[in-house]
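Below is one structure; the comments refer to it alone.
The values are calculated or read from the model by the stated rules, or taken from the named source; none is laboratory data. All values reported here derive from a predicted model rather than from experimental measurement. Counting neighbours? That spans all protein chains shown, and the Cβs are built from the backbone with ideal geometry, glycine included. For the accessible areas, the whole protein counts, side chains as well, though only heavy atoms, and no ligand, DNA or RNA atoms are used. Shrake-Rupley method; radii C 1.70, N 1.55, O 1.52, S 1.80 Å.
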Amino acid sequence: MNRTMVEDALFPDCPIRNILARLCNKWSLLVIYTLNKADKERIRFKELQREIPDISQKMLTVTLRTLEDDGYVTRTVYPEVPPRVEYALTPRTYSLLPHINALIGWALENKDDIMKDRKKAFRK
């Protein structure tokens, strides 16, 4: 599947499936969260990779490209030797952050109960 195109076979114009399929993958929300919690407005690739140690370089690159394609992240390349590349959140993403923060809050409130339920289900 082309990483830049997500379509539902029955409902190709479905905005929920189309957007959530790309935004709610394993890494996208974590990258957005990490870019937001950085002390700086912009962050370099290696700094971002250090903040998310279990993501591979390739997966971080793919995730950042996808987020950039959808307008969640900007990529600025400075004409220096060696080239310097920095990433930042866009105004669209800042409008999304209250929803992400609400989801994080909900997860924190319910984490213990969810983990108990998982353990019960595993014992069955």
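Residues being open to solvent by less than 60 Å² (accessible area, probe 1.4 Å) and either at pLDDT below 90 or closer than 13 Å to residue 73 by Cα (or both): count how many of those fall in the range 5-32.
Selection size over the range 5-32: 11.
Determine if the range 88-110 includes at least one residue that is more than 26 Å from residue 71 (Cβ to Cβ) and not aliphatic (A, V, I, L, M).
Taking every residue of the range 88-110 in turn, at least one turns out to be more than 26 Å from residue 71 (Cβ to Cβ) and not aliphatic (A, V, I, L, M).
For the condition aromatic (Phe, Trp, Tyr) and open to solvent by 60 Å² or more (accessible area, probe 1.4 Å), what is the one hit in 94, 72?
So the residue among 94, 72 that is aromatic (Phe, Trp, Tyr) and open to solvent by 60 Å² or more (accessible area, probe 1.4 Å) is 94.
Scanning the range 43-56 for residues that are open to solvent by 80 Å² or more (accessible area, probe 1.4 Å) and touching a residue at least 12 places away in the same chain (Cβ under 8 Å), which turns out farthest from residue 86 (Cα to Cα)?
Within the range 43-56, the match that is farthest from residue 86 (Cα to Cα) is 51.
Mind listing whichever residues of the range 75-91 are exposed (fewer than 13 other Cβ atoms within 10 Å of the Cβ) and either among the hydroxyl-bearing types (Ser, Thr, Tyr) or under 20 Å from residue 21 (Cα atoms) (or both)?
76, 78
Name the residues in the range 81-124 that are farther than 28 Å from residue 60 by Cβ and aromatic (Phe, Trp, Tyr), would you?
Across the range 81-124, the qualifying residue is only 122.
Considering only the range 10-37, how many residues are over 14 Å from the mean Cα position of the chain (by Cα) and within 22 Å of residue 83 (Cβ to Cβ)?
Total satisfying the criteria: 0.
Within the range 15-42, can you find the residues that are of a type in the set (Lys, Arg) and touching a residue at least 40 places away in the same chain (Cβ under 8 Å)?
The answer is 22, 42.
Tell me which of these residue 35 doesn't satisfy, since it passes every other one: (1) open to solvent by 100 Å² or more (accessible area, probe 1.4 Å); (2) closer than 26 Å to residue 15 by Cα.
(1)
Which of the residues spanning the range 38-78 are in a loop (DSSP other than H, G, I, E, B) and of a type in the set (Asp, Glu)?
39, 41, 54, 70
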